[in-house]
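Student: Here's a structure for you.
Coordinate-derived values only; no laboratory data. If you're wondering where the values come from, they're calculated on a predicted model, not measured in any experiment. Don't worry about glycine lacking a Cβ; one is built from the backbone with ideal geometry, like all the others, and counts go over all protein chains shown.
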Ligand SMILES: [Zn+2]
């Protein structure tokens with residue numbers, strides 16, 4: 001009996017020792033989980049969003065002093081976590097020329113309405129509109145102050161090759177044109193898109209207005225610094241209620257007019273009988289610099305360490321127009337996800353087999369300049385770039401989404417597996433053909449032949465509006481999105497089968 005008890009004790013003792021020793025020898029999965037739980041928390045991620053959304057960064061306009069501060073913050077974290085500098089000349093930075101227009105306080109817009117003509121003739125009544133709900137300063141506006149007649153000029157397109165001209169039959173010399181974004185083409189057919197492509201660009205619309213002698217422009221489109229600076233031309237953005245106001249008393253409505261242009265492909269331009277006052281105070285710095293920030297974590301497998309997975313997220317936003325827009329979701333949430341994964345992988349006791357490169361991208365809002373410059377001046381060999389995961393607006397809504405398939409269909413496997421294994425959010429996968437105008441850095445990478453997927457959170461948030469602030473961030477989805485990115489990166493970096501990396505032409 002005694003012997004049995006002794007044996008039993010001995011057995012219990014040794015088996016508990018055995019259990020202890022397996023606890024000390026964590027599996028790789030447990031080591032990755034450990035790093036994830038330590039460094040990817042909603043509180044930490046929200047902290048990054050708050051830091052980058054601070055008004056002292058002045059909306060992170062590419063080439064501006066506020067952006068310089070944001071670059072310093074990202075660079076500081078890369079240094080703190082000992083990421084290997086991946087930019088030019090052993091630094092973290094890849095710099096490129098990026099002229100910058102800054103809009104200053106005091107910029108304003110109002111509309112002048114004629115009162116019925118009495119004995120004294122026409123008197124003009126000024127109507128002010130609230131910022132953001134009514135108007136935004138034009139990011140790349142010239143510096144100046146004008147009051148002039150408003151002429152509605154549809155989409156502001158002159159396309160003789162398509163037998164379409166919004167400026168035909170109207171005179172806009174010395175006047176302000178009222179136009180909107182895009183073109184009358186609603187077809188998604190690649191050929192039709194290609195025909196109208198040049199005319200969808202903000203640059204084309206501004207240049208065309210100036211070419212016809214207009215001195216200013218009211219642009220019904222969301223604000224953004226992606227336009228051409230013309231010192232003699234002022235413009236600002238307006239919202240639909242202002243547009244509707246300007247149509248009052250003309251015998252037409254804005255909605256019906258646009259619908260008519262879409263349906264007939266015939267312009268419907270006319271003099272609105274209103275005037276606008278536009279005052280834009282802007283400074284132009286032709287010598288400003290764009291800055292991509294690159295940091296690398298070396299892969300642990302000597303055979304795979306020369307292959308790379310890139311995580312990219314644009315850091316820039318709209319600047320002051322003329323007030324601050326935080327851009328907390330667009331794209332500080334994504335910068336936070338990038339930082340969360342960078343910290344976790346830099347501190348994890350196990351490292352992925354392939355190398356991971358983190359790129360904080362500049363100039364996305366200003367016409368995708370940072371990603372374009374990178375594709376033209378790649379720091380790492382293109383054929384060694386196994387995958388790019390580009391992040392956009394990772395912090396609002398309840399779901400996750402990924403656009404993939406154009407370059408490497410297999411990337412979807414990793415994204416689905418990462419969600420299925422650890423995250424369990426509703427995941428919307430869409431095959432992304434990018435036949436239209438590129439609107440994300442991911443589209444630029446895909447167009448340049450890189451294997452790339454666009455990752456985002458889906459189902460909430462505001463876009464290019466002051467409501468895109470820290471309060472609008474959902475910390476839980478931001479944490480989920482970051483964990484999803486973390487595991488997808490690890491799975492891709494450790495994958496041995498080449499089948500999943502097959503590229504599509
Ligand atoms: Zn964005």
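Student: Can you tell me the order of 342-348, 173-179 when each peptide is scored by its average per-residue count of other Cβ atoms within 10 angstrom, highest first?
Tutor: Going from most to least packed, we get 173-179, 342-348.
Student: Ordered by packing density, taken as the mean number of other Cβ atoms within 10 Å over each peptide's residues, highest first, how do 286-292, 358-364 rank?
Tutor: 358-364, 286-292
Student: A further question on this structure: Over the chain, what is the relative contact order in percent, taking alpha-carbon pairs closer than 8 angstrom and at least six residues apart?
Tutor: Answer for the chain is 20 percent.
Student: Sorted by packing (mean other beta-carbon atoms within 10 Å per residue), highest first, where do 243-250, 52-59 land? All intermediate terms of the calculation are to be shown ahead of the outcome.
Tutor: On the way: 243-250: 16.4, 52-59: 19.4.
The densest-packed peptide leads the list: 52-59, 243-250.
Student: Antiparallel as a % of all DSSP beta bridges within the chain, to the nearest 5?
Tutor: DSSP beta bridges in the chain are roughly 55 percent antiparallel.
Student: Where a ≥ b ≥ c are the square roots of the eigenvalues of the C-alpha gyration tensor, would you call the range 103-284 rounded, which needs a/c under 1.5, or, failing that, prolate if a/b is larger than b/c, or oblate?
Tutor: The shape class here is oblate.
Student: Okay, next question. Using only the Cα atoms of the chain, construct the convex hull and provide its projected area averaged over every direction, in square nanometres to one decimal.
Tutor: Working: hull surface 117.4 nm².
One quarter of the hull surface, i.e. the mean projection, equals 29.4 nm².
Student: Moving on to the next point. Hey, what number do you get for the chain at 222 nm if only DSSP H runs of n ≥ 4 count, each worth -39500 (n - 2.57), divided across all residues, to the nearest 500?
Tutor: Rounded to the nearest 500, the figure is -10000 deg cm²/dmol.
Student: Return the Rg/Rh ratio of the range 297-437 with Cα-based radii and a Kirkwood Rh.
Tutor: 0.97
Student: Which of rounded, prolate or oblate describes the range 95-177 when judged by the alpha-carbon gyration tensor and an a/c cut-off of 1.5?
Tutor: oblate
Student: State the Cα centre-to-centre distance between the range 31-58 and the range 135-161 in whole Å.
Tutor: For the range 31-58 versus the range 135-161, the Cα centre distance is 41 Å.
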